[in-house]
1. Read through the list (1) over 21 Å from Ala274 (Cα atoms); (2) in a loop (DSSP other than H, G, I, E, B), then give the number of the only condition that Arg97 fails.
2. Does segment 213-224 hold any residues that are charged (D, E, K, R) and at pLDDT below 95, and which are they?
3. Looking at Ala247, Ala227, Ala240, which is the one that is modelled with pLDDT of 95 or more and more than 22 Å from Pro309 (Cβ to Cβ)?
4. Give me the pairs, please: first residue somewhere in segment 196-214 and within 17 Å of Gly238 (Cβ to Cβ), second residue anywhere and within 15 Å of the ligand (Cβ to nearest atom) and of a type in the set (Phe, Trp, Tyr), beta-carbon distance under 7 Å, and either six or more positions apart or on two chains.
5. Within segment 287-311, restricting attention to residues that are basic (Lys, Arg) and in contact with a Ser or Thr (Cβ under 9 Å, 6 or more places away or on another chain), which residue is most open to solvent (accessible area, probe 1.4 Å)?
6. May I ask you to say which residue of Glu81, Glu122, Glu75 is surrounded by fewer than 22 Cβ atoms within 10 Å (Cβ to Cβ), in contact with a Lys or Arg (Cβ under 7 Å, 6 or more places away or on another chain) and over 21 Å from Arg10 (Cα atoms)?
7. Does Thr314 count as surrounded by 14 or more Cβ atoms within 10 Å (Cβ to Cβ) and polar (S, T, N, Q)?
8. Just checking, which of Val174, Val170, Val181 is more than 26 Å from Trp111 (Cβ to Cβ) and surrounded by 16 or more Cβ atoms within 10 Å (Cβ to Cβ)?
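The values are calculated or read from the model by the stated rules, or taken from the named source; none is laboratory data. Nothing here was measured: the structure is a model prediction, and the numbers come from that model. Cβ atoms come from the backbone with ideal geometry, glycine included; neighbour counts cover every protein chain shown. Calculation scope for accessible area: heavy atoms of the full protein, side chains included, ligands and nucleic acids excluded. Shrake-Rupley method; radii C 1.70, N 1.55, O 1.52, S 1.80 Å.
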Amino acid sequence: MIMRAVLFDRFGPPQVLHIASAAEPHAGPGEVRIAVRTAAVSPVDLALRSGDSPSRDGLALPHIPGVDAAGVIDEVGAGVEGFAVGDEVFGAVDITRLGGASAQFAVLAFWAAKPAALSFEEAGAAATGVETATRALDLLGVANAKSKGEDGGTTLLIDGAAGGVGSIAVQLAVARGARVVGTGRPESHDFLAGLGAVPVAYGAGLAGRVRALGIPRIDRALDVAGAGSLPELVDLTGTAESVVTLADFTGPSHGVRVSLGRYGGQPDGNHGLAHAADLATKGLFRVPVQAVFPADRAAEAHTAAATGPRRGKTVLDLTGLMPQVPQA
Ligand SMILES: NC(=O)c1ccc[n+]([C@@H]2O[C@H](COP(=O)([O-])OP(=O)(O)OC[C@H]3O[C@@H](n4cnc5c(N)ncnc54)[C@H](OP(=O)(O)O)[C@@H]3O)[C@@H](O)[C@H]2O)c1
């Protein structure tokens, strides 16, 4: 069967995106298919569309972008337990297998029940940020100090704290009892403080600005931005083992671990979606959404997602792709 999707059939600027027909995907074993309500625009979507991604050679065109999505289950694959047709869920597709989520239907590789506390716009923007942040915090050993009853948890510096991954990492670290220092451009500092971080300006000279905050020590550092700060982060923590980068492939030359997850050929950890949903229900977690665009304005959405200041995610509302029921 044929569905409608936002897709591109050649690499190029945002204007290569258009709505067209595509084959419907179906849920395989261990997967669910959703009727998509919302899908987020992520840096990987921008890089694949422009052709800048090293993955472009293996990419089948036309390609439907979109990794994170939320919607309503309409097919349940073999072996899936605890979920049924009609359940509202949020999660992520495996873009290397069946294409992306900016379509009428998408197959999720991992997911959780959408809590009422998150709107479809928020839920559709959550999965990659939650999975990535959970993986990075686990790798850094940012333990849940609150659950262990310890005094003053880890002090964590997050470089690139206002974006899609960073804004979620700040909140998940705070929920673990960490004290968080987050970098952003000055006009994003109120936003960062609202997430629970002590804000500081990003860019060269970071170590000096962090020391000027008077915080006694930085225990761990997470580089989300990949903007060249690794030597300063190692300087601040005192050891490369206390630093993880998500976006700087020079990491190993500084002794710093690069965490890439499933697309980097590394095993998935605990994706943390159900935990984040539980935190949202308790009022301890939200998904910052900067802007929502309808499907027929996907090119504008890709332009917005590439333009600072970026605070949280840009989202596509895909409900307009559904066939319109004629009014009686
Ligand atoms: N390894 C993984 O598993 C994994 C998973 C997801 C994403 N990523 C990668 O992680 C990176 C961030 O993803 P994202 O979704 O958070 O991107 P995003 O939403 O575009 O956010 C990027 C953030 O970085 C900030 N920034 C810009 N220049 C900076 C600088 N010089 N120093 C520090 N921060 C700076 C931006 O602020 P302004 O907009 O205000 O300039 C923005 O808030 C991307 O490269 C993405 O591909 C990796």
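1. Single failed check for Arg97: (2).
2. Answer for segment 213-224, where residues must be charged (D, E, K, R) and at pLDDT below 95: just Arg217.
3. Of Ala247, Ala227, Ala240, the one residue that is modelled with pLDDT of 95 or more and more than 22 Å from Pro309 (Cβ to Cβ) is Ala240.
4. none
5. Among those residues, the one meeting the criterion is Arg310.
6. None of the other options fit; the residue is Glu75.
7. Answer is yes for this residue.
8. Sole residue among the options that is more than 26 Å from Trp111 (Cβ to Cβ) and surrounded by 16 or more Cβ atoms within 10 Å (Cβ to Cβ): Val181.
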